[in-house]
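In what follows, a single structure is set out as structure tokens and then discussed.
The values are calculated or read from the model by the stated rules, or taken from the named source; none is laboratory data. Since we're looking at a predicted model, the values are computed, not measured. Please note: Cβ atoms are built from the backbone with ideal geometry, for glycine as well, and neighbour counts cover all protein chains shown.
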Amino acid sequence: MTNQLNNNTMETLKSNGTQIEVNAEGYLKNMNQWTPELAHELAQNESIELTDKHFEVLNWLRAKQAEGTALSIRKVGNSGLVDIKQFYQLFPGGPLKISSKIAGIPKPVSCI
Amino acid sequence: MMANKLSRNLNKQVWEITIVDKDEDHYYQPGFLFIPFAIYKPEQVIRPKKDFIPKGVNFLIDKIEKIEGEKNQVVLASGQILSYNVLVVATGTIPVPEETEGLKGKLWYKDIFDFYTFEGSTRLAKKLENWEGGKLVINLAETLIKCPVAPLEFTFLADAYFTEKGMRDKVEIFYVTPLSGAFTKPKATAMLNQLMAEKNITVIPDFYMQMVDNDRKVLISYDGKEVPFDLLVSIPVNKGDEMIEASNLGDEDGLNFVPTDKHTLQSKKFENMFVIGDATNVPASKAGSVAHFEAEILTENILSYINGQPLEAKFDGHANCFIETGFGKGTLIDFNYTTEPLPGKFPFPIVGPMDLLKVTRANHYGKLAFKWVYWHILLTGKKLPVSTNMSMSGKEVDAN
């Protein structure tokens, strides 16, 4: 991987020669453009080194998103994969926002 | 509300309507906000439910043990079993402080209070009467809560209350929230963050509370951040009725909200079950206005259902919320599933008289007038002079 990603300014990313469209906040516009390699690149931007446990959560988030389920930190905590504290340890700061970005799915929305 | 609407529309020779409720009294819940600041007296928010039950509708006071959807029946605590052709679930949401470690501990109703219950708001009123000041922390334990603007209003009213008592300099106010700012949607958040700053209220965002340490009087987040308090006003985790869990009707959040089609308001599990208000899991605000707008849609869809027609009325997520900002002023937001709160005039373009996302005296009077509207129009199932689905009329789409 040769391209440095800077998701604050770019509206497209280049990963392994493929153009990836993202929104102004760096979230993928099309979750089908996601690859595990891209996840590693996006995680680097967040200073996160992805492990198998990270990928279990990322894949779970992608599956739930594909089903149309509204995601929440609580729901991840009930997933059986991690509890909420572990979720924070894997994706420090805002775990759902950061993991969603790395999983290539839209930024979670709150309904209120 | 639904009984009033349906009883007007259904043939009484064919249909029998029964309401089951565990409580004889109806509380004007928006009034709980004003009780701690002695703006309303407790007795001003309670009326007997029987006054609002239309003639010819059965009214049973009993606790529901569970709904047996497969058998089309409801089991009551008294042992009575009610069978139904159509069921409307309107069991609402309640704060559950027990969900958070240490919240309902030894400081509960001493230095930790809720205000979303009659008991909490009346006890908090007594506490505030003699409180000498210190760190006042308002905390939202979860993002998904009933009346999401009430914590903001509480905070603004607290600022005004202590100012008017001449002790604002003795009180530091912190608004501690799991959201990234004072609110969710960008334009309203920017406006409300600014208002917080003007009122010298510190917003602590992205704080997802794990527990309360009663001995040290601190809130602790899942990522180890701490916020100390002298007086904590908590908005605990909100859940649907426990009966929903017993009936195996809840969604996978474990919060006992019923999976519901967000447009038709039909249960996703049973086609003769409809759900209204904050009992649903639809991605709309858990606000009273939402239940009112849903009631219009639901009435149409229930009538379609019993006539064997497709459910054509579609709810758009419309919410309309007054936000008290203290000192006799307020603001107003109007939004739906897809349109965030925008600035502009409401309900009519140019003349208003209400201003969206602006702090005005007219908005405050709108909020106070709502109490009358609630008892006389909403509960009796009459229609408000406001469109059921959100209107873009009067909204400024390109404003910043």
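The table below gives the values:
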item	result
Scope the range A:50-102; condition modelled with pLDDT of 95 or more, of a type in the set (S, T, Y) and closer than 25 Å to A:Q33 by Cα; matching residues	A:T51, A:S99, A:S100
Residue under evaluation A:G77, criteria (1) surrounded by fewer than 19 Cβ atoms within 10 Å (Cβ to Cβ); (2) facing another protein chain (nearest Cβ under 10 Å), criterion not met	(1)
Test: residue in the range B:204-213 that is at pLDDT 95 or above, farther than 25 Å from A:P108 by Cα and away from every other protein chain (no Cβ under 14 Å)	yes
Residue list for the range A:83-112, restricted to those being without any contact (Cβ under 8 Å) to a residue 60 or more places away in the chain, in contact with a helix residue (DSSP H, G or I) (Cβ under 8 Å, 6 or more places away or on another chain) and charged (D, E, K, R)	A:D83
Residue among B:G352, B:G344 that is on the phi > 0 side of the Ramachandran plot, modelled with pLDDT under 90 and of a type outside the set (S, T, N, Q)	B:G352
Residues that are touching a helix residue (DSSP H, G or I) at 6+ places or on another chain (Cβ under 9 Å) and of a type in the set (S, T, N, Q), drawn from the range B:251-284	B:N256, B:T260, B:T264, B:Q266, B:S267, B:N272, B:T280
Scope the range B:45-54; condition touching a residue at least 40 places away in the same chain (Cβ under 8 Å) and out of contact with any helix residue (DSSP H, G or I) (no Cβ under 6 Å at 6 or more places or on another chain); matching residues	B:I46, B:R47, B:F52, B:I53
Residue in the range A:85-93 that is assigned to a loop (DSSP other than H, G, I, E, B), surrounded by 20 or more Cβ atoms within 10 Å (Cβ to Cβ) and within 14 Å of another protein chain (Cβ to nearest Cβ) present	yes
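Table: residues versus (1) in contact (Cβ under 8 Å) with a residue 24 or more places away in the chain; (2) assigned to a helix (DSSP H, G or I); (3) under 22 Å from A:K14 (Cβ atoms).
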| position | (1), (2), (3) |
| --- | --- |
| A:E41 | yes, yes, yes |
| A:Q44 | yes, yes, yes |
| A:I48 | yes, no, yes |
| A:Q65 | yes, yes, no |
| A:L71 | yes, no, no |
| A:V76 | no, yes, no |
| A:L81 | yes, no, no |
